[in-house]
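Novice: First the structure, then my questions, so here it is.
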Amino acid sequence: MSYVLEESTRGEVEEFKLIYDGTVLMVAALSPLGKIPYGVYDVRDRFIEAVKPVFKLKEVAPCLTHEAIIFVNEGEKIPKDTRNLYIKVNPSATYLDIARALYLRLTLDMHLFYDACATKMKIDKLIFDIYNLESKMISDLDRFLKIGWKKILEKRRLLSQIKETILKILKRLTEYSSHVKNLTKLHQTIEERGTHNKLFKDFVKQVNLDEYCRPQETLSIETSMRIIEHVCKELEVYSVSASTIISALLGAVIGSILTIIVSYSLGLLPL
């Protein structure tokens, strides 16, 4: 999405400063009060391009939040703003002093916030993968049941494919359960940290924790297990039927061979 600002709110900025600790990227700019620094997202994108050749970087939403932390000189009137957070500072404070103070006060707790965001993204992906695997498993089962018993090799291939899909689903269900528990713990820790850090608490409130740290939907493990159970029963019925047919055929063949042998033997024996 392009970062577009109206002329009335655009703050023209030529110099940006970046703070990056390997987890959280902060972009800062000096701008008139009431104006939004123009070019923040462009700077973010240039930074990403610059570090890509060095190491693998994964973006976790929210990538530069809509809510800014704004430092205001003491004595300045703070605008009535429902989204941004304002911190009053001494006009003589240097940028480095302000940045260091903000980092120590907020950024370490932000690691928790982005851990929760990343875990939420993993859960959403797992749910999507599980649904796709379940659909594939049912589709393979449908093809398996429609194939004639004479096409033994094709049936065995599909049988192996279905079993492999079941194992993948079970693995992802285990991962899903683990990530959900981890996310619950992260939520509790974030709330606990908020009681000791008002700025962090206000930031999380403004950003809306649930929007970025709650999965889009809840997966029913019980439903997934019922689907797997149904598929396994269908495969079991086929296995039993196939074993019965094979046993009957083998019995008939062996019986016929024994009859021939006995008859031949009796013909050779003297009366």
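The values are calculated or read from the model by the stated rules, or taken from the named source; none is laboratory data. It should be emphasised that the depicted structure is a prediction, and the values quoted were computed from it without experimental measurement. Quick reminder, even Gly has a Cβ in these numbers, built from the backbone with ideal geometry, and neighbours come from all protein chains shown.
Novice: Can you tell me how many residues within segment 40-50 are touching a residue at least 24 places away in the same chain (Cβ under 8 Å) and surrounded by fewer than 15 Cβ atoms within 10 Å (Cβ to Cβ)?
Specialist: Summing the residues that are touching a residue at least 24 places away in the same chain (Cβ under 8 Å) and surrounded by fewer than 15 Cβ atoms within 10 Å (Cβ to Cβ) in segment 40-50 gives 1.
Novice: Looking only at residues that are of a type in the set (S, T, Y) and not in a loop (DSSP other than H, G, I, E, B) in segment 58-110, which one is farthest from T189 (Cα to Cα)?
Specialist: Step one: filter segment 58-110 for residues of a type in the set (S, T, Y), giving 65, 82, 86, 92, 94-95, 103, 107.
Keeping just the survivors that are not in a loop (DSSP other than H, G, I, E, B) gives 86, 95, 103, 107.
Numbers: Y86: 25, Y95: 31, Y103: 19, T107: 15 Å.
The extreme case among them is Y95.
Novice: For N182, state whether it is among the polar types (S, T, N, Q) and over 25 Å from T223 (Cβ atoms).
Specialist: Taking the combined requirement at face value, the residue does not satisfy it.
Novice: Which residue pairs have Cβ atoms under 8 Å apart, sit 6 or more places apart or on different chains, and have a first residue in segment 13-30 that is within 18 Å of L112 (Cβ to Cβ) and aromatic (F, W, Y) and a second that is at pLDDT 85 or above and surrounded by fewer than 17 Cβ atoms within 10 Å (Cβ to Cβ)?
Specialist: Y20/F47
Novice: Within 30 Å of E222 (Cβ to Cβ) and under 20 Å from the mean Cα position of the chain (by Cα): is that true of D129 in this structure? Steps first, please.
Specialist: Working: within 30 Å of E222 (Cβ to Cβ): yes; under 20 Å from the mean Cα position of the chain (by Cα): yes.
Judged against the criteria, D129 is a match.
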